[in-house]
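Below is one structure, written out as structure tokens; the observations come after it.
Read the figures in this text as sums done on the coordinates, not as results from a lab. Given the structure is predicted, the values throughout are model-derived calculations rather than measurements. Every residue, glycine among them, receives a Cβ derived from its backbone with ideal geometry; neighbour counts consider all protein chains shown.
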């Protein structure tokens, strides 16, 4: 049986469990929060993320349990940000987009966040494009929804789908999302760890156009379950929704 763990991960798990730290925020545990901030910036630099995702440049990150939590956190922030502009009576018009390769956690997160299930869009991909989502498909779906009186809200790009290792073309897709003021979250849960290797970093071309990025350390980094890294460009949204713990 394969064991996705390591001695370092096991030791860290014992320490964190033994200290029993309540890491809700800085007030409840300043030491844990400061350490978390240092680790998030350290790993962000190792992955060569844009500085806009780092605490040192006004961004920031937080350790989550799973990718589903990261999706829900960012989707909720995007939802509230949009509703503050258009009014909460328009909640039923919000639309969430992903591809047919996107992890089912996105659909679960959308339901939990109160998105109308009929407003979830799973866009088709094709084998000849290595199952990456076509920017034209995203734009066409958005325009069709706008004509129907709906409001595009959130797009989840995938880097390394669990089933097919599909990678969405970030740059062109982020350009489309920018045209319609859509929050872009990058789900790199499965393959994101590979970006510590420079030869794979070209897959992140266009990440500057995204709002948030997450990967699971408990997949390739030999870390015990559960451990998901989530970075955002603006930890505090205009409505003061706080995505980090500082």
Residue separation between residue 130 and residue 165 times 0.36 nm, minus their alpha-carbon distance, gives in nm 11.7 nm
Stretched fully, the stretch from residue 11 through residue 226 gains (0.36 nm per residue minus C-alpha distance, one decimal, in nm) 75.9 nm
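Rounded to the nearest 0.05, what FRET efficiency do residue 208 and residue 146 give with R0 = 22 Å and r taken as the Cβ-Cβ distance? Could you check? Present the calculation step by step, with values, prior to reporting the outcome.
Numbers: r = 25 Å, r/R0 = 1.14.
Using R0 = 22 Å, I get an efficiency of 0.30.
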Restricted to the range 25-232, the DSSP antiparallel beta bridge percent, nearest 5, is 40 percent
Distance in Å, no decimals, from the C-alpha centre of the range 103-138 to the one of the range 24-46 is 32 Å
In degrees rounded to 10, the 0-90 angle between helix 135-147 Cα long axis and the longest Cα principal axis of the chain is 60 degrees
From fewest to most C-beta neighbours within 10 Å, the residues 88, 139 line up as 88, 139
Listed with the fewest Cβ neighbours within 10 Å leading, 156, 228 appear as 228, 156
Rounded to the nearest 10, the angle in degrees between the Cα long axis of helix 67-86 and the longest principal axis of the Cα atoms of the chain comes to 50 degrees
Rounded to the nearest 10 degrees, the helix 170-179 long axis (Cα) sits at an angle to the longest Cα principal axis of the chain of 60 degrees
The FRET efficiency for residue 120 and residue 84, from their Cβ-Cβ distance with R0 = 22 Å and rounded to 0.05, is 0.50
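Calculated from DSSP H runs of 4 or more alone, at -39500 (n - 2.57) each and per residue, what is the 222 nm mean residue ellipticity of the chain, nearest 500?
Details: 7 runs with 85 residues, N = 246.
-11000 deg cm²/dmol, from helical runs alone.
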Between residue 51 and residue 179, the two model label points (7 Å from Cα along the beta-carbon direction) sit apart by a distance in nm of 3.1 nm
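Arrange the following residues from fewest to most other Cβ atoms within 10 Å of their Cβ: 103, 205. All intermediate terms of the calculation are to be shown ahead of the outcome.
Details: 103 20, 205 12.
If I rank by nearby Cβ atoms, fewest first, I get 205, 103.
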